[in-house]
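Beneath this line is the structure, given in structure tokens, with notes to follow.
The values are calculated or read from the model by the stated rules, or taken from the named source; none is laboratory data. Bear in mind the structure is a predicted one, so any value in this text is a computation, not a measurement. All Cβ positions, even for glycine, are placed from backbone atoms using ideal geometry, and neighbour counts span all protein chains on display. Areas reflect the complete protein model, heavy atoms only, side chains present, ligands, DNA and RNA absent. Shrake-Rupley method; radii C 1.70, N 1.55, O 1.52, S 1.80 Å.
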Amino acid sequence: FISRLTNHGVAVATIDGDRVYKRGNFDLGSLIELIVKAQIGHEESEKKSQRLAAAWAQKRQRASSGDKRAPTRRCPAWIGVDDETGEYVLRQDRVTIVQRIFDLATSGQGKYLIARTLNMEGVPAWGRGKGWHTSYIQKILASRATVGEFQQHRKVGRKRIAEGEVLQNYFPAAIDHHTFSRAQADRQSRTGMSGRRGKRVSNLLSGIAKCGACGAPMTFRNKGRVGEQYLVCDAGLRGQACEFTVHFNYPKMETGIIDRTLHLALTERHFAAPVQVRNIEKELADQKQIHLQLESRKKRLIELLSRFEDETVEDQVRQIAGEASAVKATITNLEGQLVRARGVVSPKENISLIRRIMSSMHSEDQTESTTARATVQQALRSLIKSIICEPVTQLVSVDLGEEIFCLDRHGTLQNKNGHELGLSILLAAREKGWIVKEYMDHPALGRGRRGEK
């Protein structure tokens with residue numbers, strides 16, 4: 001390769017030996033000299049790599065044995081290293097922000113709204129970034145270092161491979177397992193939900209409401225004036241695969257649905273939990289984490305036992321299985337305690353809480369309003385199976401799983417006869433195989449053409 005370079009007029013210089021190789025003086029002796037230098041350099045690099053790997057292996061071994069000394073100062077941004085003890089310590093000013101992020105997440109706000117809230121409140125961002133970004137909010141919410149855990153890795157080529165068990169209490173915990181589990185469950189419930197991210201949660205039905213003709217999401221349209229917000233089929237609006245652009249009045253739909261579901265959707269988990277309930281929830285989350293760790297250890301030991309027959313490993317498997325069974329019994333007991341503790345809240349207290357959050361939804365304080373609407377949105381998503389906006393009958397069917405109720409496109413509850421009549425006509429049209437354009441012109445359903453409101 002170097003020979004080809006020099007033949008094309010390129011000069012190659014080396015620091016070691018202060019040599020310059022170019023066309024005319026690059027002979028066999030120069031070639032041998034380069035090969036020897038390259039081999040020596042490679043061997044030195046390999047030795048350094050092995051020594052570095054051995055040093056990190058020793059650090060990982062120390063950490064596994066319970067040594068609290070920090071192997072490196074590189075750690076999560078809300079954690080520092082004590083100069084005297086060399087151990088990890090929490091940076092309280094940043095821990096407060098981490099706790100606030102999780103509080104916002106468990107109240108129903110997504111990463112976009114959390115970042116926006118922090119930026120609007122002037123909370124200083126960490127590092128060199130200008131303001132808070134959704135990617136960093138997501139990284140914090142997903143990091144198990146927030147509960148003190150650490151998974152060791154080793155580098156194989158360009159990949160990082162997990163090595164050994166997850167170390168518990170490696171870092172000082174910024175939040176408890178219960179809060180972390182709730183945040184993950186809430187994040188998972190929002191996964192796959194469509195809808196444009198805005199300054200506030202304008203559309204509580206985002207990701208739930210679908211077009212009855214084509215199944216596409218109903219998109220939110222704001223005409224700018226009070227009361228002139230609508231849901232309309234996204235596919236129909238874009239002229240793709242749907243003939244309907246029927247406008248369903250959103251404010252009236254929202255009111256009609258909330259009035260009939262909010263008392264079912266909002267449970268005690270959406271409010272500040274009583275002390276007794278929160279203590280049980282925290283203990284339950286801790287026990288579930290312990291059970292998960294025991295099952296993981298048992299799985300690894302069984303895999304080891306499948307390769308090597310060892311009585312010691314068999315004894316360890318039986319011991320861990322017994323511990324896991326005991327923890328499972330504790331979890332069952334705690335779940336029963338939690339049900340009983342939650343039942344302590346009286347219907348009057350529950351109504352009071354619901355009224356309070358409904359009042360907050362219409363607060364002039366944008367932060368309060370956004371937080372309340374995000375909480376209600378999360379609650380509705382956990383309760384409502386689907387909302388189908390039928391452009392032909394112009395009825396809105398709300399499926400709660402065990403119950404279905406129906407509204408017209410202006411949010412008015414339909415009586416049973418009107419509901420059944422509209423659906424029967426629609427079903428009959430579909431059974432006959434009529435295409436959209438044909439049954440649009442049916443005398444009983446002659447509404448809803450593109451552009452008609």
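Out of the residues in region 144-186 that are among the aromatic types (F, W, Y) and within 16 Å of C75 (Cβ to Cβ), which is nearest to the chain's Cα centre (by Cα)?
Restricting to residues being among the aromatic types (F, W, Y) and within 16 Å of C75 (Cβ to Cβ), the top hit is F150.
Filter region 380-412 down to residues that are loosely packed, with under 15 Cβ neighbours inside 10 Å and in contact with a strand residue (DSSP E or B) (Cβ under 9 Å, 6 or more places away or on another chain) and give me whichever is modelled with the lowest pLDDT.
It comes out as H410.
What are the pairs, 6+ residues apart or on separate chains, where a residue within region 376-388 that is among the small types (G, A, S) has its Cβ under 7 Å from a residue that is at pLDDT 80 or above?
Qualifying pairs under 7 Å: S386/I208; S386/K210; S386/D399.
Inside region 111-139, can you point out the residues that are crowded, with 20+ Cβ neighbours inside 10 Å and farther than 16 Å from A374 by Cβ?
W132 - this is the single residue of region 111-139 that is crowded, with 20+ Cβ neighbours inside 10 Å and farther than 16 Å from A374 by Cβ.
Which residue, of I331, I290, is under 28 Å from the mean Cα position of the chain (by Cα), modelled with pLDDT of 70 or more and open to solvent by less than 30 Å² (accessible area, probe 1.4 Å)?
Criteria check complete, one pass: I331.
Checking the conditions here, which among R269, R225, R260, R307 is at pLDDT below 80, under 31 Å from the mean Cα position of the chain (by Cα) and open to solvent by 40 Å² or more (accessible area, probe 1.4 Å)?
Exactly one residue qualifies, and that residue is R269.
From the list G157, G108, G148, pick out the single residue that is out of contact with any strand residue (DSSP E or B) (no Cβ under 8 Å at 6 or more places or on another chain), under 30 Å from A57 (Cβ atoms) and either buried (at least 19 other Cβ atoms within 10 Å of the Cβ) or of a type in the set (V, I, T) (or both).
Of the residues listed, the single one that is out of contact with any strand residue (DSSP E or B) (no Cβ under 8 Å at 6 or more places or on another chain), under 30 Å from A57 (Cβ atoms) and either buried (at least 19 other Cβ atoms within 10 Å of the Cβ) or of a type in the set (V, I, T) (or both) is G148.
Does any residue in region 233-260 that is over 17 Å from C406 (Cα atoms) and in contact (Cβ under 8 Å) with a residue 12 or more places away in the chain come within less than 6 Å, Cβ to Cβ, of a residue that is open to solvent by 50 Å² or more (accessible area, probe 1.4 Å) and charged (D, E, K, R) six or more places away or on a different chain, and which pairs are these?
Listed pairs, sorted by first residue: T245/R450.
Can you tell me how many residues within region 93-117 are small (G, A, S) and in a helix (DSSP H, G or I)?
Result for region 93-117: 2.
Among the residues of region 38-58, is any surrounded by fewer than 15 Cβ atoms within 10 Å (Cβ to Cβ) and within 31 Å of the chain's Cα centre (by Cα)?
No, every residue in region 38-58 fails to be surrounded by fewer than 15 Cβ atoms within 10 Å (Cβ to Cβ) and within 31 Å of the chain's Cα centre (by Cα).
Given (1) surrounded by fewer than 16 Cβ atoms within 10 Å (Cβ to Cβ); (2) under 20 Å from the mean Cα position of the chain (by Cα); (3) at pLDDT below 80, identify the lone condition not met by R100.
Exception for R100: condition (3).
Could you check how many residues of region 80-96 are buried (at least 20 other Cβ atoms within 10 Å of the Cβ) and under 20 Å from H133 (Cβ atoms)?
Count: 0.
Within region 118-148, track down each residue that is outside any loop (DSSP other than H, G, I, E, B), farther than 16 Å from L104 by Cβ and not β-branched (V, I, T).
S135, R144, A145
Hey, can you tell me all the residues within region 228-250 that are assigned to a helix (DSSP H, G or I) and either touching a Leu at 6+ places or on another chain (Cβ under 8 Å) or open to solvent by less than 40 Å² (accessible area, probe 1.4 Å) (or both)?
If the condition is that a residue be assigned to a helix (DSSP H, G or I) and either touching a Leu at 6+ places or on another chain (Cβ under 8 Å) or open to solvent by less than 40 Å² (accessible area, probe 1.4 Å) (or both), then A235, G236, Y250 are the ones that fit.
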